[in-house]
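Here the structure is laid out as structure tokens; the discussion comes afterwards.
The values are calculated or read from the model by the stated rules, or taken from the named source; none is laboratory data. Bear in mind the structure is a predicted one, so any value in this text is a computation, not a measurement. Don't worry about glycine lacking a Cβ; one is built from the backbone with ideal geometry, like all the others, and counts go over all protein chains shown. Quick note on the areas: whole protein, heavy atoms, side chains included, nothing else; ligands and nucleic acids left out. Shrake-Rupley method; radii C 1.70, N 1.55, O 1.52, S 1.80 Å.
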Amino acid sequence: MGFASSAQPTALAIDYTVAKTIGKWTIGLGGYQENQLSDDSGSGAAACAQTGGCRASNYGIGPLLGYQLGKVKLMAIYNYGFHTTSDVGGNSFNLRLSFRFQ
């Protein structure tokens with residue numbers, strides 16, 4: 001089964017972070033937003049056109065905590081998804097490891 005159109009909608013995704021590092025610890029607040037800027041296309045899009053379009057949007061916010069382990073930084077980020085329309089939403093938890101390329 002195929003779709004009538006393979007065009008992908010245009011979207012905007014932004015991550016926000018405000019953090020303070022003290023010694024080896026980092027604490028802060030993070031958030032995100034995802035907004036679909038163009039209407040869906042394809043065989044299922046006709047149903048959305050009757051209701052003004054199905055543009056997806058997601059918003060979330062939550063705490064972050066990091067610790068410097070030598071040359072590697074470990075970051076734990078929890079985001080509470082507080083607003084979702086026309087998309088799958090929910091809360092998320094991420095663990096990130098980062099290091100500098102030298």
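Here the spin labels are modelled as points 7 Å beyond Cα on the Cα-Cβ line, and at Asp87 and Ala19 they lie 2.2 nm apart. Set against the labelled values [x] 19, 16, 13; [y] 37, 15, 10; [z] 25, 19, 10, semi-axes √(5λ) of the Cα gyration tensor in Å computed from this structure falls on [y]. When exposed loop sites are taken as trypsin sites (Lys or Arg not before Pro) in a DSSP loop with at most 14 other Cβ atoms within 10 Å, the longest stretch of the chain clear of them is 25-70. For the chain, the mean residue ellipticity at 222 nm estimated from helices alone is -1000 deg cm²/dmol, where every DSSP H run of n ≥ 4 contributes -39500 (n - 2.57) and the total is divided by all residues, rounded to the nearest 500.
Remark: the Leu12-Leu37 segment gains 8.3 nm on full extension, using 0.36 nm per residue and subtracting the alpha carbon distance. Charge dipole (Cα centre; +1 on Lys/Arg Cβ, -1 on Asp/Glu Cβ; no other charges) of the chain amounts to roughly 760 debye. Rolling a 1.4 Å probe over the protein heavy atoms of the chain, with every protein chain left in place, gives an accessible area that is 60 percent carbon and sulfur. In the full protein context, segment 33-102 carries 69 Å² of accessible surface per residue, based on a 1.4 Å probe and ignoring ligands, DNA and RNA.
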